[in-house]
Structures are given as C-alpha cells and as structure tokens.
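First up is the structure itself, then whatever we jot down about it.
The values are calculated or read from the model by the stated rules, or taken from the named source; none is laboratory data. Remember, predicted model here, so these are calculated numbers, not experimental data. All Cβ positions, even for glycine, are placed from backbone atoms using ideal geometry, and neighbour counts span all protein chains on display. With ligands, DNA and RNA removed, areas are computed over all heavy atoms of the protein, side chains included. Shrake-Rupley method; radii C 1.70, N 1.55, O 1.52, S 1.80 Å.
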Amino acid sequence: MTDSNPTSPDALTEKILALLPQTQCTHCGYVSCRSYAEAIAHQETDINRCATGGQKGIHRLATLLDVEEPLLDTAYGEESPRSSATIDESACIGCTICIRMCPTDAIIGASGMMHTVVQDFCTGCGQCVPRCPLDAISLHPVSGNLTGWDAWSEEQAWNARLRYERKLARLHSRTDNPEPVSTDSGTQTIPAIAKKSALVRKVIERARARLKAFGIHTAH
C-alpha cells in the first residue's frame, strides 16, 4: 500500500528519488539511487554525495528539504561531463559479466558472443568497466562541457529508472529460463533470449547502425 502521508519517510523518499539522476552508479556509497534517497529521507546521510547530479542536483534536494545548500562532497566523485561506455568488440570474449552488471540493460549479447552497448540506454555508471576481465570496456565523454543535470535530462532519468526497475522485476520473477548462474548479487537465471543467437545478432547489428549514425565505429 502506498503511504499517503506526505511527510512520512516513504513519501519523502519518492520525492527525493525523483530528483536523482537514476544512473545507479553507486558512487555515493549506496547500491542504488533509491537506497540513497531512503537514507536521505531517514536523515542518515547528507544530500551532497551525488556527483552525477552535481551542484544543481544538490540545489534541488536542498530546496525540497528546505535546508542550506552544501557543496558537493568530492570524496564521492567530481562533477564532470556525462560519459557512455563502449566495448572493444575485437577483445570481447562474450563472458556476459558486463551484461549482468549493467543496471539498465544497456549491454546486449550472449554467452560466447561479442557484446555491444546500446548508447541510448547507457547511463555512464561505469559499473561494467572494472568487471571486464580483458579491460575491453571504456568510458568516453558524450556531453561536451556540460556537467551534472546540464548533461542529463528528466526524460533520460525517467527512462533509466524504468529500465532499472524492469530489470529488478525480471530478476525477481523470471520464469522464462530456470537455468541458474552465479552473479555478484546472488543466483540468477539467463534469459531465454540470450540463447537465441540469430535474434541477438540482429539486435547487435541495429545497435552498430545506431552507433555509426552517431559517428562511433565498432570492430566487426
């Protein structure tokens, strides 16, 4: 049941969450944007730990909570241009680690097949980069000199949140393929689509075409 009390921590969490960029980068020290929002709502942490949202994001939170606006705590990251991940497809071995790590399903591929990043879905969280066993993933800036919320939009944040929540729901209720795999977040299952090689190849080709349209070329 949704909490109808507008001053309750649960209701406040939702308002705070709506002001966060939804990149799920974990740089703030929490496992998700929602976890950080909950901690703020319960007065367990400060509002200046989200480098992705930058100073503008802190201002929005301070206005909502009617508190003095602090400066960004750079111990949790510097405000910087938005980045997006790319995969060196010539080095990719198809291990699927990055696919499991991606919070927004921005990486597509299958076991033993080359993976690629759907740029429109990537939030630049960077969680995939240190997990790649071959260092085949890198981040590159995509917003020029724009940083924080100037480099991100409400629509992008909303779409990223939807993709993240859909992935969580899928992981909790998946029934399409009972085959278990071990991941950092526990035992999960491989989606049936991952075994449909022909379909995956078509999706990858569409992603390559989109990348080419943006002037980003990938290895074949």
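Rounded to whole Hz and in sequence order, give me ³J(HN,Hα) for segment 149-159 from the Karplus expression 6.51 cos²θ - 1.76 cosθ + 1.60, θ = phi - 60°, writing x for Gly and Pro.
5, 6, 9, 9, 9, 4, 5, 5, 5, 5, 5
Please compute the modelled spin-label separation between D105 and S8, points set 7 Å along Cα→Cβ, answer in nm with one decimal.
According to this spin-label approximation, the distance is 3.0 nm.
Can you run phi through the Karplus equation (6.51, -1.76, 1.60; θ = phi - 60°) for segment 12-23 and list ³J(HN,Hα) in whole Hz, with x for Gly and Pro?
Each residue's phi maps through the Karplus curve to give 5, 4, 5, 5, 5, 4, 5, 9, 8, x, 6, 7 Hz.
So who's got an amide H within less than 5 Å of the one on S83, skipping anything under 5 residues away but keeping other chains? H placed 1.01 Å off N, in plane.
It is V142, by chain and number.
Pop out the carbon and sulfur fraction of the accessible area of segment 54-133 as a percent, whole number, probe 1.4 Å.
In segment 54-133, the share of accessible area belonging to carbon and sulfur is 53 percent.
Can you give the extra length, in nm with one decimal, that the chain gains between S80 and K167 once fully stretched, where that is 0.36 nm per residue apart less the Cα-Cα distance?
28.6 nm
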